[in-house]
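The values are calculated or read from the model by the stated rules, or taken from the named source; none is laboratory data. Owing to the predicted nature of the structure, the values given are computational and were not obtained by experimental measurement. All Cβ positions, glycine included, derive from the backbone under ideal geometry; neighbour counts span all protein chains shown. Heads up: the accessible areas ignore ligands, DNA and RNA and are worked out on the full protein's heavy atoms, side chains in. Shrake-Rupley method; radii C 1.70, N 1.55, O 1.52, S 1.80 Å.
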Amino acid sequence: MHASIQEIIESRVSANNYDSNRKLSHAEISELVRLATLAPSAYNFQNWKFLAVVSDVAKQRLQAAAFNQQKVSDAAVTFIICGTLNAHTQLEPALRPAVDVGIIDDQMLTTWVGMATQSHTDNAMLQRDEALRSASLAAMTLMLAAQGKGLASCALSGFDTDAVTREFDLHETEIPVMLITVGYAAAGNWPQKPRKQLHEVMQLL
């Protein structure tokens, strides 16, 4: 029986310990990324890229760039989640499939491309903000997908951005936003830590 989305959210933990002997197939890894790409993005930019680090050699390189965190190597896969810049220049082909299936029409496509081009061209801050937003939404979607499949995950911001960019030959338009470790949990992981009370973080207007 599949868990409800509420059960998935309430049961998810940030795992530090993974069973390094249990692997994921390429098909399983690809399915996680497919589900992650169902996350929303402005204009449907889909301004993200996923590097699935699975080989021992690549894991060692990434672990070194992630301040030697062991879970990077122990997890079945560690994803480098990138946000991409200049997404407005690729918006037309990104939206064309939506036209082909009748979700939007050519006029709306042209309007959206024009709006995105006007707002994003020569606006490095907006491009970066959109890249960070999109990559973060995709990363959370990937973690929830993993949890729903009985896998553990953890989001890591502790890494050397320049080292990751250099070691994995990222293009200048590709920003490594976070690492996501995914695999089968080993013993010793903490339970989900208590959160702040709603009155501390929520305001009804």
Worksheet entry | Residue list for the stretch 66-81, restricted to those being out of contact with any Ser or Thr (no Cβ under 9 Å at 6 or more places or on another chain) and in contact (Cβ under 8 Å) with a residue 12 or more places away in the chain | PHE67, ILE80
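With respect to ARG61, is the statement that it is open to solvent by 70 Å² or more (accessible area, probe 1.4 Å) and in contact with a strand residue (DSSP E or B) (Cβ under 9 Å, 6 or more places away or on another chain) true? Even if it seems obvious, please write down each step before you answer.
Working: open to solvent by 70 Å² or more (accessible area, probe 1.4 Å): yes; in contact with a strand residue (DSSP E or B) (Cβ under 9 Å, 6 or more places away or on another chain): yes.
Spelling it out, ARG61 is indeed open to solvent by 70 Å² or more (accessible area, probe 1.4 Å) and in contact with a strand residue (DSSP E or B) (Cβ under 9 Å, 6 or more places away or on another chain).
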Worksheet item: Looking at this structure, is MET140 aliphatic (A, V, I, L, M), surrounded by fewer than 21 Cβ atoms within 10 Å (Cβ to Cβ) and under 16 Å from the mean Cα position of the chain (by Cα)?
Response: yes
Worksheet item: Within the set of pairs 6+ apart or on separate chains, which have a first residue in the stretch 27-48 that is open to solvent by less than 60 Å² (accessible area, probe 1.4 Å), a second that is assigned to a loop (DSSP other than H, G, I, E, B) and of a type in the set (Ser, Thr, Tyr), and C-beta atoms under 9 Å apart?
Response: ASN47/SER41; TRP48/THR37; TRP48/SER41
Worksheet, complete the sentence: Sole miss for ILE104 among (1) in a helix (DSSP H, G or I); (2) surrounded by fewer than 21 Cβ atoms within 10 Å (Cβ to Cβ) is condition (1)
Worksheet item: Just one of THR110, THR161, THR181, THR117 is among the hydroxyl-bearing types (Ser, Thr, Tyr), open to solvent by 50 Å² or more (accessible area, probe 1.4 Å) and within 19 Å of the chain's Cα centre (by Cα); which is it?
Response: THR161
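Looking at the stretch 1-100, what helices (runs of 4 or more DSSP H) fall wholly within it and have at least 3 residues that are closer than 30 Å to GLN118 by Cβ?
Working: elements: 5-11, 26-36, 56-65, 71-74, 91-100.
Ranges flagged: 91-100.
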Practice prompt. Determine if the stretch 131-148 includes at least one residue that is among the charged types (D, E, K, R), in contact (Cβ under 8 Å) with a residue 40 or more places away in the chain and either assigned to a loop (DSSP other than H, G, I, E, B) or touching a His at 6+ places or on another chain (Cβ under 8 Å) (or both).
Written response: no
Practice prompt. Enumerate the pairs (first residue in the stretch 5-19 and in contact (Cβ under 8 Å) with a residue 60 or more places away in the chain and under 11 Å from GLN147 (Cα atoms); second residue anywhere and polar (S, T, N, Q) and in a helix (DSSP H, G or I)) with beta-carbon separation below 9 Å, excluding pairs fewer than 6 apart on the same chain, so at least 6 apart or on different chains.
Written response: ILE8/GLN147; ILE9/GLN147; SER11/GLN147; ARG12/GLN147; VAL13/GLN147
Worksheet item: When residues of the stretch 166-188 are filtered for being within 26 Å of ALA145 (Cα to Cα) and touching a strand residue (DSSP E or B) at 6+ places or on another chain (Cβ under 7 Å), how many remain?
Response: 15
